[in-house]
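Bear in mind that the values in this text are calculations on the coordinates, not laboratory data. Bear in mind the structure is a predicted one, so any value in this text is a computation, not a measurement. Don't worry about glycine lacking a Cβ; one is built from the backbone with ideal geometry, like all the others, and counts go over all protein chains shown.
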Amino acid sequence: MSTIAFIVAAYLIGSLPFAVIVSKTMGLSDPRSYGSKNPGATNVLRSGNKKAAALTLFGDAAKGWLAVFLAQQFGPRHGLAEPEFAMVALAVFAGHLWPLFLRFRGGKGVATALGVLVAVNPLIALSSAAVWLLIAATTRYSSLAAILAAIAAPVATAFIQPGVYFGAIVVIALLLVRKHKQNILNLLSGQEGRIGAGKTAANGEQDS
């Protein structure tokens, strides 16, 4: 029962839609009403409010970190170990992708995945973030940066911390890439929006 409780709690934490919460609190339009309609930091940035986008990014990353951290800190006294921590990591990520509070229509999970990686091992998170920054800076495609960073995460895990978490991070990476299916098609057709695009960005364009 303890394992189920931690997993359910992680899913609910992941379901917190910070893009919507931050936008509503700051009096901005619902991010699901413009741009790619994705409830994520990149789409919130299209509102022109950098502070809102930064808060959304922080919130989405923090919830990924928090769920795994709580399991790591309090789980052992209830019989949880790394296999259960890995399940919690998957649960919080799934909560962001399919949030209960948004009728299971969530974001693409880049920031939340980063938060999970920070909790698992900061070096893995740093490696993935470095890939994202490099690709984003050179191409200005947030989506391409996210996809390549996702691919880099399991590779970094295999070298830095092989073990139980590897499988969970592979699944997270595959789900993240799958969530970017339309972005991949846009990239191949030359229609993907670049970082800095405004509210008129077409549906399916880059997002995190």
Within 10 Å of each residue's Cβ, count the other Cβ atoms and sort Ser23, Ser143, Ser47 from fewest upward.
Ser47, Ser23, Ser143
Applied in sequence order to the range 89-101, the curve 6.51 cos²θ - 1.76 cosθ + 1.60 (Karplus, θ = phi - 60°) yields integer Hz couplings, x standing for Gly and Pro, of 4, 5, 5, 5, 5, 4, x, 6, 5, 10, x, 4, 7
In deg cm²/dmol, rounded to the nearest 500, the helical mean residue ellipticity at 222 nm of the chain, built from -39500 (n - 2.57) for every DSSP H run of length 4 or more, is -21500 deg cm²/dmol
Distance from a point 7 Å along Cα→Cβ of Ile151 to each backbone N in the range 170-189: keep the residues under 12 Å and list them by number.
177
Work out how much length Ser2 to Val164 would gain on full extension: take 0.36 nm times their residue separation and subtract the Cα-Cα distance, in nm to one decimal.
56.4 nm
Taking neighbour Cβ counts within 10 Å as the exposure measure, how do Ile147, Ile195, Ile4 sort from fewest upward?
Ile4, Ile195, Ile147
Please build a GNM for the chain, connecting alpha carbons under 10 Å apart, and tell me which residue among Ile21, Ile124, Ile160 fluctuates the most.
Ile160
Which of the lysines could a cross-linker bridge to Lys181, judged by Cα under 27 Å and excluding same-chain residues fewer than eight apart?
Lys37, Lys50, Lys63, Lys108, Lys199
Taking mean projected area of the Cα convex hull in nm² straight from the coordinates, which label in (1) 11.5; (2) 12.7; (3) 10.7 is the correct one?
(3)
Cα centroid of the range 99-147 to Cα centroid of the range 18-67, whole Å
14 Å
